[in-house]
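Asker: Before anything else, here's the structure in question.
What follows is calculated from the coordinates using simple rules that are stated; it is not laboratory data. Note that this is a predicted model, so its numbers are computed, not measured. Neighbour counts are summed over all protein chains in view; Cβ atoms, including those assigned to glycine, are modelled from backbone coordinates with ideal geometry.
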Amino acid sequence: MIRWPAAIADRDALPAFYREHQTGLVRLAVMLVGDEATAEDVVQDVFVRLHRERPALRDEGKLLAYTRAAVLNGCRSVLRRRKLAHRHAERHLPPVWSAEAAAMLGEDHREVMRALHRLPRRKREVLVLRYYADLPDAEIAVVLRIRPSTVRSTMSRALAALERELEATR
């Protein structure tokens with residue numbers, strides 16, 4: 001029998017779930033979309049959808065993985081829209097980071113972030129989920145809907161590609 005997870009079965013539980021996981025989900029989204037305002041919008045949209053359309057999950061423990069996957073998909077949509085808009089816009093490079101965020105980050109961190117954003121989508125997502133969301137291989141596999149062995153091989157290739165990107169900028 002498929003049922004709504006107890007974490008969101010009653011309307012009072014969803015705000016508690018939001019308060020508990022919102023910060024981590026926004027951090028995950030920031031790493032993927034590059035700015036906090038957009039990341040907050042993505043997470044907010046996911047929780048609005050959770051409020052309207054409760055997911056039918058067999059295992060309550062998978063609600064957080066479901067929510068992470070929804071945030072990841074929201075980030076992908078944002079990046080697709082940006083890419084499409086970029087193709088049709090005038091050719092100039094808008095700042096990716098807000099002035100406040102850029103001032104807070106050290107040059108090394110910004111360099112890593114620029115290199116990370118030059119990686120292909122799956123490699124970037126695996127690195128962000130592992131090193132910024134601190135997820136183990138099994139959870140990354142659930143979020144990305146791939147096998148744990150694919151997570152490990154992608155991680156290895158992503159780290160090598162990130163290293164090449166960083167060496168190319170030095």
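Asker: If we count other beta carbons within 10 Å of each Cβ, what is the order of 28, 119, 159, fewest first?
Answerer: Arranged by neighbour count, lowest to highest, 28, 119, 159 become 159, 119, 28.
Asker: Loop only per DSSP, at most 16 neighbouring Cβ atoms within 10 Å: give me the GluC sites (Glu not before Pro) in the range 10-66, ordered by residue number.
Answerer: Within the range 10-66, the qualifying GluC sites (Glu not before Pro) (loop, at most 16 other Cβ atoms within 10 Å) are 53.
Asker: Which order results if 123, 83, 62 are arranged by neighbouring Cβ count within 10 Å, fewest first?
Answerer: Ascending number of Cβ neighbours within 10 Å: 83, 62, 123.
Asker: How much length, in nm to one decimal, is gained on full extension between residue 149 and residue 122, taken as 0.36 nm per residue of separation minus their Cα-Cα distance?
Answerer: 8.3 nm
Asker: How far apart, in nm, are two points set 7 Å out from the Cα along the Cα-to-Cβ line at residue 13 and at residue 134?
Answerer: 2.5
Asker: Continuing with the same structure: How many times 2.2 N^0.38 Å is the alpha carbon radius of gyration of the range 105-170?
Answerer: It is 1.12.
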